[in-house]
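Taken together, the values in this text are just the output of simple stated rules run on the coordinates, not laboratory data. All values reported here derive from a predicted model rather than from experimental measurement. Cβ: placed from backbone, ideal geometry, glycine included. Neighbour counts: every protein chain shown.
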């Protein structure tokens, strides 16, 4: 069933007296999510599960927590398999702030298998950089502009390497969903697996009863924290800022991608600045800096001017004209600070009717560019396994759902563990620290690259 012709089917309102919970429902306090302890008997009768009502309580096959690329792609893939889906995103509005994403052949192959027309729509907003240039902090070229190192990928793997703006990718995916699928301003504060369904509660007092819940809520996933209880993600000591601005001309001419780096053959780099032109419409950039302090101490997201000033200060001793030209063209309201966090590989992502995809399951450092790509692989694999097991019918049998999710883990966890391990070989390091062996994505073997950039959900692959 094509997503554009589907409509979300919402069931009757959830009755607070027939949820069948075995213990207290999730409760929100101080911004964290937790399960209340098991309720006992009071005055000779069972206490009822307490769930706040807010607006219409929904009944749906799958509730997806998180409205980023992974959550939206999951909704699209599952609706195409005949399931009813709702996506719940904590943000109250979609912001056009800067975040550059790179899509590699493996992620694009997964997206193409989900839906070829959506794949084409995404490519229509993206660009394969045909050339690139590297320079030092003074702006001196470290070699002439040349073909981008990934420009030959389409011929080898069947799909190109492309760059795209985060919010343009999510706009495309969101536009493919039926009206009413995505609900903004819904911050998940807890869930209860009641056997036949999962009851999910949100900070705005809305509730949903779903036969499956997918946590696609990122590196600080609330769903994961309740499911695995494995603590917060780890800060890597690297801070980044992302920016984007509209441009009528190619500001990076004659190249399509430019990087400015402080490294030498003796050590570093401790800072990196990358800028990319997207179809002569927009220029996106990202600045990476070694920063030991906790990024929670940086100014709040709304203080864009402070973030842009911070980037200017950190790179004030760099004379490269291109860097300052890019920063001068950037509206401070479109600057996004992002600390780089990661998680240790987990042996399981699921529990009962609940599972994880993307950064919620396997957050990794950005140097491989595999975050979104591996997420698309997760989504396609899960959708295909659910469809093969019976589609909507399988959700009526809890043991069958558990079996599908175990198979999903067996196909995805070994691969993502390897990607997480490779991504830990950071590109940034102090200027007096030489690069370790296999420090960057350009130092893998051809066989390892083939393994990473090739995706087939039906084939269990591992590196010997």
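Specify whether the C-alpha gyration tensor of region 329-375 places it in the rounded, prolate or oblate class, a ≥ b ≥ c being the square roots of the eigenvalues: rounded for a/c under 1.5, otherwise prolate if a/b is larger than b/c and oblate if not. In terms of gyration-tensor shape, prolate. Where a ≥ b ≥ c are the square roots of the eigenvalues of the C-alpha gyration tensor, would you call region 78-120 rounded, which needs a/c under 1.5, or, failing that, prolate if a/b is larger than b/c, or oblate? Here region 78-120 falls in the oblate category. Here each label is just a point 7 Å from Cα along the line to Cβ, and for residue 421 and residue 281 those points are 4.1 nm apart. Note on region 75-197: Cα-only Rg and Dmax are 19.1, 64 Å.
Can you figure out the FRET efficiency of residue 332 with residue 171, using R₀ = 22 Å and their beta-carbon distance, to the nearest 0.05? The partial results should precede the final answer.
Numbers: r = 22 Å, r/R0 = 1.01.
That pair, residue 332 with residue 171, gives E of 0.50.
Which FRET efficiency value, to the nearest 0.05, is calculated for residue 156 and residue 130 with the Förster distance at 22 angstrom and r the Cβ-Cβ distance? Display every interim value, and only then the final one.
Working: r = 16 Å, r/R0 = 0.73.
The computed FRET efficiency comes out at 0.85.
Using r as the Cβ-Cβ distance of residue 325 and residue 293, and R0 as 25 Å, what FRET efficiency do you calculate, to the nearest 0.05?
So, using R0 = 25 Å, E works out to roughly 0.30.
Packing, as the average of other Cβ atoms within 10 Å across residues, places the peptides 176-183, 226-233 in the order 176-183, 226-233, highest first.
Model label sites at residue 348 and residue 389, defined 7 Å from Cα along the beta-carbon direction, differ in position by 1.5 nm. Taking a ≥ b ≥ c as the square roots of the eigenvalues of the alpha carbon gyration tensor, region 154-260 is prolate, as a/c is not under 1.5 and a/b beats b/c.
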